[in-house]
Amino acid sequence: MNPTAKASRFLLAALATGTALLTTAASAQAGPADFSFSFTPEKYSRLPFGTAKADAWEQLGGALSRPGSADGWCEDFGRSVTCWTTSSDYAPYGTFSFTEDGKLWKKHHEGLYEPTAPSIRLAHYNQVRIGMTETQLWSVVPRDSCVLQDEGYPNWPATDGRTEMYWCDASTGLFPPNARFYLTDGTVTAKYQRSLT
């Protein structure tokens, strides 16, 4: 082999080795955390009211997320942050709302938690009266049919005026007959039902 060919082969081998080393170094620097975003019901539950928005973004892993990722992602909408568990139709998600000074005052989710025994019927719904206490609500509605879907403190940092919305399903599946019960400070203030029998 002539000296020019040898030198060319040596340069090509050195270039290939250098490229492989740079790629490995870049991957090691990026680290696995850059690709390990996930939004879970546990992250939703653990985020306490009053958390500063920047801290919430960090705890949710928002900076690690990539919009449209199959692993889910978070988006900052200014006064709220929404995180999805996956990229699909009807993917479970959580929304976190913040006060003007950036403190978490409201949480809402869809699909992160499901009723453990969906069985609410129109007869249950019809027994609920505006002004009932939460204890009275659960004495006529099967508690396992419902999940707390929305909770907030509109007067934050004061905790009076606490709002809750319970979503109750009659069965499993996509878009089952359902009911919603709205409470303020533990008292039923409104109710709604769709297709209960």
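Note that the stretch 190-197 has calculated 3J(HN,Hα) couplings of 7, 8, 8, 9, 9, 6, 5, 10 Hz, one per residue in order, obtained from phi through the Karplus relation 6.51 cos²θ - 1.76 cosθ + 1.60 (θ = phi - 60°); glycine and proline are x.
The dipole here belongs to the stretch 114-197: it is taken about the Cα centre, uses +1 on the Cβ of Lys and Arg and -1 on the Cβ of Asp and Glu, and is about 360 debye.
What you get for the stretch 32-105, charging only the Cβ of Lys and Arg (+1) and of Asp and Glu (-1), is a dipole of about 120 debye around the Cα centre. For Arg162, nonlocal amide neighbours, meaning residues 5 or more places apart or on other chains whose placed amide H falls under 5 Å from its own, are Asp185. Close amide H contacts of Ile120 (hydrogens built in the peptide plane, cut-off under 5 Å, sequence separation of 5 or more or a different chain): Asp169, Ala170. Per-residue 3J(HN,Hα) values for the stretch 164-169, derived from phi via the Karplus relation 6.51 cos²θ - 1.76 cosθ + 1.60 with θ = phi - 60°, read 9, 9, 9, 9, 10, 10 Hz in sequence order (x marks Gly and Pro). The distance linking the stretch 122-197 with the stretch 56-78 is 29 Å (Cα centroid to Cα centroid, whole angstrom).
For the stretch 32-105, averaging the sequence separation of C-alpha pairs within contact (under 8 Å, six or more residues apart) and dividing by the residue count gives a relative contact order of 29 percent.
Close amide H partners of Met132, meaning residues 5 or more places away or on another chain with modelled amide H under 5 Å apart, are Val188. Remark: the stretch 146-151, residue by residue, has Karplus-estimated 3J(HN,Hα) of 10, 9, 6, 9, 8, 8 Hz, where x stands for each Gly or Pro and the curve is 6.51 cos²θ - 1.76 cosθ + 1.60 at θ = phi - 60°.
Computed from the coordinates by the stated procedures, all read-outs in this text should not be read as laboratory data. Note that the structure is predicted; figures quoted are calculated from it, not measured. Neighbour counts run over all protein chains shown; Cβ positions are idealised from the backbone, glycine included.
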